[in-house]
Amino acid sequence: MKDQEIAEILKSVKTIALVGASEKVNRPSYEVMEYLLHQGYKVIPVSPKLAGQTLLGQLVYEKLSDINEPIDMVDVFRNAEAAVGIAKEAVAGKVKVLWLQKGVISEEAQKIALEAGLKFVMDRCPKQEIPALGLEK
């Protein structure tokens, strides 16, 4: 995906479901969630282990389908095997963008997302892309 397309995605999304959220401050998912919140995005953490708790002031959900509001983007901090099921959930939830984090490579998740008309980003991190594209607030 070209930088321009990624910039358009990052400028258009408002609500991000972060799947694989962690309460551990040294984990990339925690750092990225904190960064995205500071950039003005609404970030909804998803983690079965933390469901019902709050993380960085946000209520944690067990799974995507538990979220009762429109989600623009799903940011995936899970392994490639889990990404396939998450892609199916994202399609069912009428999400606009499926974003797989650095190191998460799933051609099958990509196929599911693209065939359903979702925008798809793989093996990239919004925390790196936002400043690199000059979008930082």
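The values are calculated or read from the model by the stated rules, or taken from the named source; none is laboratory data. Because the structure is a prediction, the values reported are computed rather than measured. Methodologically, a virtual Cβ is constructed for each residue, glycine included, from the backbone with ideal geometry; neighbour enumeration extends over all protein chains shown. Each accessible area value is taken on the protein alone, full model and side chains, heavy atoms only, with ligands, DNA and RNA left out. Shrake-Rupley method; radii C 1.70, N 1.55, O 1.52, S 1.80 Å.
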* To do: Please give the per residue volume of the convex hull enclosing the alpha carbon atoms of the range 5-60, rounded to a whole number of Å³.
  => 77 Å³
* To do: May I ask you to evaluate 6.51 cos²θ - 1.76 cosθ + 1.60, the Karplus curve with θ = phi - 60°, for each residue of the range 77-91 and list the ³J(HN,Hα) values in order in whole Hz, giving x for glycine and proline?
  => 10, 10, 6, 4, 5, 5, 4, 5, x, 5, 4, 5, 5, 5, 5
* Surface share of carbon and sulfur [accessible, 1.4 angstrom probe, percent] for the chain -> 50 percent
* **Sequence of E34, E107 from largest to smallest accessible area, 1.4 Å probe** => E107, E34
* Structure fact -> Debye calc, one equal point scatterer per Cα of the chain, no solvent, log10 I(q)/I(0) at q = 0.09, 0.11, 0.14, 0.16 1/Å comes to -0.22, -0.33, -0.55, -0.74
* Once phi is turned into ³J(HN,Hα) by the Karplus curve 6.51 cos²θ - 1.76 cosθ + 1.60 with θ = phi - 60°, what whole-Hz value does each residue of the range 94-108 show in order, with x for glycine and proline? -> 6, 6, 8, 9, 10, 10, 9, 5, 3, x, 9, 10, 9, 5, 5
* Nonlocal Lys pairs with alpha-carbon distance under 15 Å, the range 1-74 (8 or more apart, or different chains) -> 5
* When the helix-only estimate is applied to the chain (DSSP H runs of n ≥ 4, each -39,500 (n - 2.57), divided by the residue count), what is the mean residue ellipticity at 222 nm, nearest 500 deg cm²/dmol? -> -10500 deg cm²/dmol
* Quick one: check the C-alpha center-to-center distance for the range 1-26 versus the range 89-109, whole angstrom. => 11 Å
* Rounded accessible area per residue of the chain, 1.4 Å, Å² -> 52 Å²
* Point-to-point label distance, K24-K94, nm (Cα→Cβ direction, 7 Å offset) -> 3.7 nm
* Asked: Rounded if a/c is under 1.5, else prolate if a/b beats b/c, else oblate: with a ≥ b ≥ c from the C-alpha gyration tensor eigenvalues square-rooted, which is the range 93-137?
  -> oblate
* Structure fact -> Under the Karplus relation with 6.51, -1.76 and 1.60 and θ = phi - 60°, whole-Hz ³J(HN,Hα) for the range 23-34, x at Gly and Pro, equal 7, 7, 5, 8, 8, x, 5, 5, 4, 5, 4, 4
